[in-house]
Amino acid sequence: MTKISMTVNGKAVSGEVEGRTLLSAFLREELGLRGTHIGCDTSQCGACAVHLDGQLVKSCTVLAMDAAGGAVTSIEGMQNADGSLSVIQAAFQEHHGLQCGFCTPGMVMATAALLKVNPKPTEAEVRHHLEGNICRCTGYHNIVKAVLAASGQDVSAIAAE
Amino acid sequence: MHNFDFVKPATVADAARALSADGAQALSGGQTLLPTMKARLAQPSVIVSLTGISEIKGVCAVDGGVSVGAATPHAVVAAEVGKYYPALAKLAGGIGDPAVRSRGTLGGSLANNDPAACYPSAVLASAAVVHTNKRKIAADDYFQGMFSTALEEGEIITSVTFAIPEKAAYVKFDQPASRFALTGVFVAKHKGGVRVAVTGASNNGVFRWTEAEAALSASFAASAVESLTVSAEDMISDLHGSAAYRANLVKVLTKRAVTAAH
Ligand SMILES: Cc1cc2nc3c(=O)[nH]c(=O)nc-3n(C[C@H](O)[C@H](O)[C@H](O)COP(=O)(O)OP(=O)(O)OC[C@H]3O[C@@H](n4cnc5c(N)ncnc54)[C@H](O)[C@@H]3O)c2cc1C
Ligand code: FES
Ligand code: FES
């Protein structure tokens, strides 16, 4: 076992890992941050998405040791400072962008990554950006609506679909 | 996944030394190797991460072209190569999904040489040069069939230099589940002639469609390949598409790429 350190949701953390320990396992098992979900563990579904040094990554496909020294933001770091839901989270709630909620942490992290570089995406851009996030419940329309609403755009036209 | 030792050198020289150990393997973005290791199709005893080596990251202009470091993620190529070589930037921006593009790298894609990967077609159509820690390899010599390349044991790709064509485009027909290319065609019109590279179609991996190259060198228009046919022999046949379907796609996508080229 090797001791590694990194910054997670703004806090300095450290823990013991093996070479094969995935970032997802480090977050969930070592740090107890179980908001990051493991849907497939094969790099397909995006439920495990977090930000590593500002970039959206699948935490099941990054070695914890490779992320050592970096800065991670997980779903636990997405709420407002006072503990209320962030704009993105509130939009998912308001527009029914989730049902079982399993994919939601990854969807929220993917949305945050998109809006950081593209604050007013088109519907097509939202769909293209969410290609790596699979949802078995919603059929995606309400997720797309939530993302557009979180970007401050009018979503009444999309509701008609 | 079996356990392994992990090292993260800061220079190519140190990485090369680490890779000379028995059972050592390079890890770049890990978007191919980690899933492979989870499936126990690879069991290295030492993983040598290349992500801490700044000398093989980044994009820069070179005489007549653009050089891309092997450990440059697809997202960086998509964002930074556009001003030199728009077709290459567009290809990088269409690989997989955003999270794959954050981590996956040019060097990893070329070392793996998946028959459905996007980059091999760009490298072959651009007549790019693959630089390693030992030598330079011309694209025409580099690709040696599905998952097979000219790389030797422990050899590290450091960068790739792309000659910038007058016009180029990559058109990919997505395999919607994997997001790889069901078939993809890269057309590049160089001063000396046209090169057409096809990925996702052949059992022998990426290849040049030389008949189309000759026709398009004479007349760079979609109609120039109309009378050509592509043989379905040796084409990949799987549940996503038969060999005949892929052979037809090669021609359809070539026409689309010629029309899109700018
Ligand atoms: C969901 C998903 C969708 C994808 N879609 C596409 C797609 O549409 N098109 C596409 O082209 N690809 C696609 N990929 C593959 C992706 O682009 C990979 O990132 C890429 O093929 C491998 O790059 P990597 O940096 O992740 O390499 P790694 O996985 O780290 O390594 C792959 C292999 O290359 C070797 N290697 C790595 N770097 C070097 C180097 N510098 N020198 C020598 N050997 C090296 C490693 O030892 C290993 O054998 C997809 C992957 C996923 C998970
Ligand atoms: S759990 Fe990581 S992509 Fe599905
Ligand atoms: S809400 Fe159930 S998987 Fe998306």
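With the Cα gyration tensor of the stretch B:1-133 giving a ≥ b ≥ c as the square roots of its eigenvalues, does the rule (a/c under 1.5 for rounded; else a/b larger than b/c for prolate; else oblate) give rounded, prolate or oblate? Prolate, since a/c reaches 1.5 and a/b exceeds b/c. Of the peptides B:230-237, A:9-16, A:141-148, the order by per-residue mean of other Cβ atoms within 10 Å, starting with the highest, comes out as A:141-148, B:230-237, A:9-16.
For A:His37, the amide hydrogen comes within under 5 Å of the amide hydrogens of A:Gly106, counting only partners 5 or more places away or on other chains and with H modelled in the peptide plane. Most simply put, the protein assembly as shown has about 85% antiparallel DSSP beta bridges, counting only bridges with both residues inside it. Under the shape rule built on the C-alpha gyration tensor, where the axes satisfy a ≥ b ≥ c, the protein assembly as shown is oblate, since a/c reaches at least 1.5 while a/b does not exceed b/c. Summed over qualifying helices (DSSP H, 4 residues or more, each -39500 (n - 2.57)) and divided by its residue number, the protein assembly as shown shows a 222 nm mean residue ellipticity of -8000 deg cm²/dmol.
Peptide A:45-57 has a mean shielding of 3, counted as Cβ atoms of other protein chains within 10 Å of each residue's Cβ. Scoring A:76-85, B:242-251 by mean Cβ neighbours within 10 Å over their residues and listing the highest first yields B:242-251, A:76-85. Database remark: amide H of B:Ser202 closer than 5 angstrom to the amide H of B:Ile236 (H placed geometrically; neighbours at sequence offset of 5 or more, or on other chains; Pro and chain starts carry no H).
Pairs exceeding a 25 Å alpha-carbon distance, out of A:Lys3/B:Lys8; A:Lys58/B:Lys57; B:Lys57/B:Lys83; A:Lys58/A:Lys145; A:Lys116/B:Lys38: A:Lys116/B:Lys38. Residues whose amide H lies under 5 Å from that of B:Ala26, counting only those 5 or more places away or on a different chain, are B:Val48; hydrogens are built 1.01 Å from N in the peptide plane. Neighbouring Cβ atoms from other chains, within 10 Å of the Cβ of residues in A:110-118, number 1 on average. Per-residue shielding of A:59-68, expressed as the average number of other chain Cβ atoms within 10 Å of the residue Cβ, stands at 6.
Each reported figure results from applying straightforward, stated rules to the coordinates on display, with no laboratory input. Just so it is clear, the model here is predicted, and its values are computed rather than measured. No Cβ is skipped: glycine too gets one built from the backbone with ideal geometry, and neighbour counts run over all protein chains shown.
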